[in-house]
Amino acid sequence: MNIDGKHWTGSRIVGLQGQGPSPEKPPRRWLKWVLWGSLALPVVIFIGLIGYGWYLGHRHGDATAEVAVQDDKGRPVPPDKLATANAKLQKKIAALAPKGQFVVIDTANNRVYLREGERALREMVASCGSGNVLVDPVGGRTWTFDTPRGQFQVRSKVKDPIWIKPDWAFIEEGEPIPAKSSARAEANVMGDYALGIGNGYFLHGTLYKRLLGRNVSHGCVRLGDEDIEFLYKTAVLGTKVMIF
Amino acid sequence: MRFLLAILLTLLPCFATAADDVADLTQTNRLLQAEYELARSQQLYFVIDLPASRIQFRASGTTLAELPILSLRSWGRPADGIAYTLAEKTARQEPEREQVLIPGRELEKPAVPVIEAKKPSGPVVQALEISDMPTDYVLQLDDGTLLTVHAKFEDAGGWANLRQKLTRYGWFVSRPLISVWHHWRGGAYNEMLMTLPEREARMLYWSFQKGSRCLVRWP
């Protein structure tokens, strides 16, 4: 396909030698266009797709924010009334907030806060659930040792609590589950005070103070001696406990 | 004529601002209505306030914790003023719970991972802790909207910076193509890419559990 001068001269010489003149080949410009086109087309399509994708990603036409809020009769609410309605809603939400002191438990950071409104009155280091799983090798029952999340309230307050060991406590130790309920009682393992929040979960003291700040419990919230005593004396029955 | 045009051009931003205000009031109204229902339900919920660059953990209208969003990139615009449910959490390395070893019993598979050469500073604890949570993950809401979370490491090295840059350029190319793909299939593609500080990214993964409700104020 070389069409430089030398090649053509050579061809003429060949022609003179008796093989007849070869027809002059036209330069195949169309081929060049096809080649360039076949290269450019995917690029154009790609850019087109990117552009169309950008349009789709940034059009806000179908956002519901642009649909006006309607009143009971289906009429759009004017902006001034909307502002008043928003202020009323904010008040209604604020009215749902706990009154007085409440307890907030941060299970990720193992912290317990006694709060009043936005103000933290005391920050305490705790031990929350380990997240481990225990499988009963005999019965196949499974326990996950998580601290439950959500809203609870102080349902019971106990001084010198006695731990009534549940089944998992025996299974975990590889011990047989006792038939007598009296054999489940164990003193001096929950510290001096305990606050029950329901479903068998407590905020209580601990023997393992070295592990405060780590997730090591079976779901209860363990606190140091001073902190659990403080909470016992401060929190009344019905105090909200919010766990996240 | 020029005079009229000048007046129109002067007033145009005012009209735009008024429209923005109405849209903002409308969005706020919808969010407040949805929040009121959540707050009354006594459950824990999350408010992802993208214009204010923060994520709040809330219950009964009270903020329990607040996480900052360091940077945000949004793609698409989902419906606002509705309470979403977290449908799925996906991470490259998802944390795994460990099984308690019962004395005298041997498990088929070792429950406790092999202890690495690096010795921990504190006592060895067999537990799922915040440090086990991933820093890069995707939260999928029930309408298909994706909240992609990346953590910003304070001591990020050259590789991490390079990775961040590649991710950024990749976003500009991949998202339009994904949008087109979803459009052809009759859907919409919405994604928010949020960068959080490392600990906060782990904390969000820890607390924001599957089935949790959340409200999102879109930018």
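The values are calculated or read from the model by the stated rules, or taken from the named source; none is laboratory data. On a predicted model such as this, the values are computed, not experimentally measured, just so you know. Cβ atoms come from the backbone with ideal geometry, glycine included; neighbour counts cover every protein chain shown.
Scanning region A:66-104 for residues that are under 30 Å from A:Arg155 (Cα atoms) and more than 7 Å from chain B (Cβ to nearest Cβ) yields A:Lys91, A:Ala95, A:Lys99, A:Gly100, A:Gln101, A:Phe102, A:Val103. Scanning region B:165-197 for residues that are surrounded by 14 or more Cβ atoms within 10 Å (Cβ to Cβ) and more than 11 Å from chain A (Cβ to nearest Cβ) yields B:Thr167, B:Met192, B:Leu193, B:Met194, B:Thr195, B:Leu196, B:Pro197.
Could you tell me whether B:Trp159 is of a type in the set (A, V, I, L, M, F, W, C) and at pLDDT 85 or above? If you could, list the steps in order and put the result at the bottom.
On the way: of a type in the set (A, V, I, L, M, F, W, C): yes; at pLDDT 85 or above: no.
When the stated conditions are applied, B:Trp159 does not pass them.
One residue stands out in region A:80-100 among those that are crowded, with 17+ Cβ neighbours inside 10 Å and farther than 15 Å from B:Glu37 by Cα: the one that is nearest to the chain's Cα centre (by Cα), namely A:Pro98.
Only strands (runs of 3 or more DSSP E) wholly contained in region A:120-179 count here; list those with 1 or more residues that are within 13 Å of another protein chain (Cβ to nearest Cβ).
Working: elements: A:133-135, A:142-144, A:150-153, A:156-159, A:162-164.
The strands (runs of 3 or more DSSP E) meeting that bar are A:133-135, A:142-144, A:150-153.
Only one of these conditions is not met by A:Tyr201: (1) surrounded by 21 or more Cβ atoms within 10 Å (Cβ to Cβ); (2) in contact with a Phe, Trp or Tyr (Cβ under 7 Å, 6 or more places away or on another chain); (3) free of Cβ contacts under 8 Å to residues at least 60 places away in the same chain. Which number is it? Only one criterion is unmet by A:Tyr201, namely (2). Return yes or no: is A:Leu134 over 25 Å from the mean Cα position of the chain (by Cα), over 22 Å from A:Ile228 (Cβ atoms) and buried (at least 18 other Cβ atoms within 10 Å of the Cβ)? No, not satisfied. Regarding A:Glu186, is this residue within 14 Å of another protein chain (Cβ to nearest Cβ) and either over 30 Å from the mean Cα position of the chain (by Cα) or modelled with pLDDT of 95 or more (or both)? In short, no. Selection of strands (runs of 3 or more DSSP E) fully inside region B:24-111 by the criterion of at least 3 residues being in contact (Cβ under 8 Å) with a residue 24 or more places away in the chain and within 12 Å of chain A (Cβ to nearest Cβ) returns B:44-49, B:71-75.
For the condition under 22 Å from A:Ile45 (Cβ atoms) and within 21 Å of the chain's Cα centre (by Cα), what is the one hit in B:Arg168, B:Arg185, B:Arg199, B:Arg175?
On the way: B:Arg168 fails: under 22 Å from A:Ile45 (Cβ atoms); B:Arg185 fails: within 21 Å of the chain's Cα centre (by Cα); B:Arg199 fails: under 22 Å from A:Ile45 (Cβ atoms).
Testing whether each residue is under 22 Å from A:Ile45 (Cβ atoms) and within 21 Å of the chain's Cα centre (by Cα) leaves just B:Arg175.
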